[in-house]
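Here is the structure we will look at, set down as structure tokens.
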Amino acid sequence: MSRLSIVLFVAAAACGGTKASPTTVPLPPDKPAEPAPQPVAEVKQPPQEPPQALPPVEITLPASKVTVKLVSPGKGKREALRYTTKAGDKQQVELALDFAATQTETGKAPADQIVPTIVLAGEAETKSIDKDGNAAYALTVSSTDARDVKGSDLPAEKFKIVLSSLAGLVISSSVAKNGAAGDVAMKIEKPNEMTPGALELISMTLPQFPLLPAEPIAVGAKWQATTMAKLAGKLDVTQVTDYELVAHSGKTWTIKGTTKVTGTDQDVGGGAKITSIKGSGTSEATLADGTLYPTTKSSLATQFTASNPKEGEIQFALKVGGAVTPKK
């Protein structure tokens with residue numbers, strides 16, 4: 001084939017009109033076989049103008065509304081669990097992001113799309129701390145990579161070409177003492193034609209900070225966090241995560257979480273509807289006092305049905321995973 005594309009199955013794209021219109025992230029064309037040389041008369045070609053540089057690309061992900069309530073404080077000595085980074089602190093981190101999707105149309109076999117693992121590495125810097133303890137920070141990506149994933153038809157070596165379009169990516173946001181995130185801005189000063197699609201994929205898979213209770217807690221503490229989120233930036237969903245503090249030693253805290261996803265039926269225009277939104281996930285995080293990014297690993301799977309009068313029903317299953325690893 002002459003081109004490879006990564007298809008992101010997004011409900012709003014599937015049912016925004018009379019026919020599915022998936023977002024694509026194109027790869028450069030495969031090199032065709034060279035034909036046998038033919039004698040031709042020399043023709044002088046006019047000099048080609050260099051391609052014009054594209055303007056900077058920036059997208060903003062609005063902050064989600066979150067609430068946290070303590071269920072049980074645990075047993076033993078209670079202490080406050082907070083994000084306690086300081087202005088000027090710097091931290092080397094690696095983000096590993098995964099995305100997979102399955103689309104099933106009535107009477108057809110399921111169509112899978114599995115993306116190689118996206119790897120972003122760089123330096124996170126805490127820019128400032130406001131009077132309420134909210135930490136403004138920026139993660140400057142210095143390198144990108146891709147890792148092969150079982151079941152993916154796209155080799156990691158090919159996908160690295162897409163990820164190279166993220167050179168110079170800066171992710172800016174803020175995080176409250178309890179982990180509530182502010183708006184997330186992603187900006188690239190020198191993009192290419194593949195950058196917008198690559199940024200969309202990052203926006204769908206970017207890990208979130210674990211949410212923490214306001215009250216002091218001890219090992220065994222349990223709390224529940226509710227996040228009003230948007231799936232793929234389009235569908236309104238509610239994510240309820242039940243957390244538990246499973247270990248605390250010195251400056252290190254380990255928490256585990258299980259998440260349930262629900263959503264009401266939604267009209268997306270043109271007579272199309274999204275129904276049967278549901279999902280689940282797990283997470284584990286180790287927080288160290290005085291640092292911005294914790295060590296985290298999470299996965300979340302969400303299913304829903306998209307339908308419209310002309311195309312019938314399509315079942316979607318999206319799975320995202322993320323791991324954050326601070327580097328020393």
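What does the charge count around Val237 come to, taking other residues whose C-beta lies under 11 Å from its C-beta (Lys +1, Arg +1, Asp -1, Glu -1)?
For residues surrounding Val237, the net value is +3.
Report, as a whole number in µm² per second, the diffusion coefficient that Stokes-Einstein gives for region 199-328 at 4 °C and 1.567 mPa s using the Kirkwood radius over alpha carbon pairs.
Taking Rh from Cα pairs, D becomes 79 µm²/s.
Where does the charge balance sit around Pro56 when Lys and Arg score +1, Asp and Glu -1, over other residues with C-beta under 13 Å from its C-beta?
0
Evaluate the distance, in nm, between pseudo-label points positioned 7 Å from the Cα of Lys158 and of Ser143 along their respective Cα→Cβ axes.
2.5
Quick one: in region 136-203, what % of C-alpha pairs are over 19 Å apart?
When all Cα pairs of region 136-203 are counted, 42 percent exceed 19 Å.
What per residue convex hull volume, in Å³, comes out for region 114-239 when only alpha-carbon positions are used?
156
Counting only other residues whose beta carbon sits under 12 Å from that of Leu199, what net charge do I get with K and R as +1, D and E as -1?
Cβ neighbours under 12 Å give a net charge of -1.
Rounded, prolate or oblate for region 99-171? Axes are the square roots of the Cα gyration tensor eigenvalues, ordered a ≥ b ≥ c, and the cut-off for rounded is a/c under 1.5.
Taking the square roots of the gyration eigenvalues as a ≥ b ≥ c, region 99-171 is oblate.
Charges at C-beta only: +1 for Lys and Arg, -1 for Asp and Glu. How large is the resulting dipole of region 257-302 about its Cα centre, in Debye rounded to 20?
140
Enumerate by residue number the trypsin sites (Lys or Arg not before Pro) in region 120-212 meeting two conditions: DSSP loop (anything except H, G, I, E, B), and at most 13 other Cβ atoms within 10 Å of the site's Cβ.
Loop-located and lightly packed - Lys131, Lys150.
Between Thr282 and Lys260, what length comes free when the chain is fully extended (0.36 nm per residue of separation minus the Cα-Cα distance, one decimal in nm)?
Gain on extension, Thr282 to Lys260, equals 7.0 nm.
Do you know the relative contact order of the chain, to the nearest whole percent, from alpha carbon pairs under 8 angstrom that are 6+ apart?
22
For n ≥ 4 DSSP H runs only, could you compute -39500 (n - 2.57) per run for the chain, divide by its residues and tell me the 222 nm figure to the nearest 500?
Helices in the chain give a 222 nm mean residue ellipticity of -2000 deg cm²/dmol.
For the chain, how big is Rg over Rh, using alpha carbon atoms and the Kirkwood form of Rh?
Using only Cα positions, Rg/Rh for the chain is 1.03.
Here, each number is a calculation from the coordinates, and none is a lab measurement. Since the model is a prediction, treat every value here as computed from it, not as a measurement. Counting neighbours? That spans all protein chains shown, and the Cβs are built from the backbone with ideal geometry, glycine included.
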